[in-house]
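Just below is one structure, and these are the notes that go with it.
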Amino acid sequence: MAAADLAAEPAVGAPLIELRGVGRTYANGTCALADVDLDLRRGEFVTLVGPSGCGKSTLLNLIAGLARPSSGRITWRDAAAASIRDARPRIGFVFQSPTLMPWARLATNVRLPLDLAGVARKAADRAVADALARVNLTGFAHHLPRELSGGMQMRASIARALVTDPELLLMDEPFGALDEFTRQRLDAELLSLWSAQRFTVVFVTHSIQEAVFLSTRVAVMGARPGRILDVLYIAEPYPRDDAFRLSTTFAAHAHRLSSRIADAGAGELPDAAAGGGRAAARGARPGQASR
Amino acid sequence: MSGAAKRARLLRVLAPLAVAIVMLAGWQALVTAYHVPVYLVPSPLRVVHTLYADRALLFASLAVTLGVALTALAIAIVAGVAIALVFAQSRWIEMSFFPYAILLQVTPIVSIAPLIIIWVHDTRTALVMCAVVVAIFPIISNTTLGLRSVDRGLANLFRLSRATRWQTLWRLRVPGALPYFFGGLRIASGLALIGAVVAEFVAGTGGEGAGLAYQILLAGIQLNIPRLFAALLLIAAAGVAMFAATAGLSRLALARWHESELPRDE
């Protein structure tokens with residue numbers, strides 16, 4: 001397939017968030033993120049890929065409102081697309097670890113966002129049962145987190161993020177700690193949830209394969225300072241399944257993405273040349289990332 | 001339960017029991033063989049006999065001492081947790097007052113006890129106060145640490161859900177602090193008893209409300225060494241019982257979910 005076809009931009013939904021010149025500098029002077037411009041549209045599945053320390057998690061926290069940008073601004077658009085709104089949309093957040101309350105049963109864990117929002121118990125219980133069903137955990141409502149496997153805990157964590165019916169789902173390397181088989185299965189499950197409901201997803205990962213399999217769009221990020229170096233479209237139809245993973249199209253996308261990451265790494269070389277060891281580490285990075 | 005697990009549990013009871021039997025038998029044999037006078041080292045049998053003969057006196061004293069220790073422990077729990085909750089609200093409050101909590105902890109109780117006994121007219125109240133001073137610190141420090149040791153991700157989740165301070169406290173920080181609190185409670189239970197006994201020594205209260213420490217003091221003066229040993233035995237037993245009770249309470253509260261109370265093989 002020709003490169004032009006691979007890079008085709010798909011039809012997109014109404015704007016949801018605009019990031020303009022967003023940066024984040026810590027009190028000690030470390031610049032975690034500099035001058036990020038990014039538009040997120042409704043129904044998109046955007047993946048942030050990049051080496052450790054490139055500000056992927058920081059960007060996610062800024063979008064979630066868990067941290068404030070030290071420069072630039074983040075603007076929310078309402079469904080009418082034209083007008084700006086003040087309030088953040090309903091956001092679901094899935095962390096690197098399941099972060100379930102170990103003392104509470106699964107139903108209580110999943111119900112937490114609704115309890116905190118003061119949703120009536122009956123309606124909340126219905127939503128919890130529905131969310132557990134969507135992640136195939138029906139029947140585990142009364143289990144404690146420690147009684148479940150890592151993959152099941154992660155699914156519970158996703159159920160908790162989905163229980164508020166979010167417009168935007170932020171996921172910070174959610175499956176990074178899981179084994180490859182479980183990760184692939186959860187990736188597929190996540191895609192089918194997303195296809196059914198079409199919330200917007202921002203997904204952080206180290207894995208090129210995962211990024212290609214899931215995303216409509218991939219943002220390649222670089223470190224020191226953290227910034228977005230390149231944005232690629234993965235214009236392949238959904239549903240994507242295991243056959244897609246094995247297809248030459250998949251391999252072509254993965255190759256294109258890893259060479260973009262390599263380019264991004266090479267682009268960094270001049271300013272890193274001062275520190276020889278660091279420059280070598282950067283040169284090695286694309287190879288590591290593509291595994 | 002498998003046969004191996006059953007054997008392991010049996011061994012955990014039998015092994016210390018065997019040690020006790022050997023030691024007591026050795027003690028009894030040495031005392032008998034060398035004709036050690038009873039006012040130096042009484043034999044175990046003699047101690048048990050004295051415990052039975054003086055039971056009215058000794059158990060009344062035990063009730064007094066245990067009453068002081070348990071009252072002090074209850075006060076230390078309520079006040080300690082309350083102080084920890086205040087400390088956890090703000091770093092400034094904690095920074096301002098924590099050094100004084102440490103001061104209270106490191107100053108030996110024997111040196112504060114006389115003051116408290118002079119200032120507080122009612123002796124029993126004074127004794128309880130001394131024991132509280134000793135027992136409260138582990139509860140304050142452990143519970144404060146627990147209230148602060150919140151899982152980062154969960155804390156972010158609560159912020160994302162726009163949880164109020166109160167919701168975060170009751171739904172996240174308090175349950176998360178329970179294992180720490182129970183750790184403090186185990187230490188405090190032993191310290192409450194020690195505090196009560198030390199305070200009784202300093203106060204030297206006799207008569208109706210005499211505690212075990214007074215019995216030990218008096219028995220020492222009268223060279224009634226078997227009674228001294230019997231009183232010691234009762235104090236030790238009371239300490240073990242209080243520790244076991246708090247450990248049981250901890251297991252009851254945490255067994256479902258916390259690492260410290262889970263079976264080893266999981």
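A short reminder: the numbers here are calculations on the coordinates, not readings from a lab. What you are looking at is a predicted structure, and each value in this text was computed from that prediction instead of being measured. Cβ: placed from backbone, ideal geometry, glycine included. Neighbour counts: every protein chain shown.
Ordered by the count of other Cβ atoms within 10 Å of each Cβ, fewest first, B:ILE21, A:ILE158 give B:ILE21, A:ILE158. Of the trypsin sites (Lys or Arg not before Pro) found in segment B:218-266, those that fall in a DSSP loop while having at most 11 other beta-carbon atoms within 10 Å are B:ARG264.
How do B:HIS121, A:HIS143 rank when sorted from fewest to most other Cβ atoms within 10 Å of their own Cβ? Display every interim value, and only then the final one.
Numbers: B:HIS121 8, A:HIS143 16.
Exposure proxy ranking, most exposed first: B:HIS121, A:HIS143.
Here the simple spin-label model places points 7 Å from the Cα toward Cβ, and for B:ILE93 and A:ASP241 these points are separated by 6.0 nm.
Calculate, for B:LEU45 and A:ASP39, the FRET efficiency according to 1/(1 + (r/R0)^6) with r their C-beta to C-beta distance and R0 60 Å; round to the nearest 0.05. Please list the in-between numbers first.
Numbers: r = 89 Å, r/R0 = 1.49.
Between B:LEU45 and A:ASP39 the formula returns 0.10.
Extending 7 Å from Cα along the Cβ direction at B:ALA237 and again at B:ARG256 yields two label points whose distance is 3.6 nm.
Listed by Cβ neighbour count within 10 Å, with the fewest neighbours leading, A:TRP194, B:TRP27 appear as B:TRP27, A:TRP194. Remark: spin-label model distance A:ALA252-B:ALA20 equals 8.0 nm, labels positioned 7 Å along the Cα→Cβ axis.
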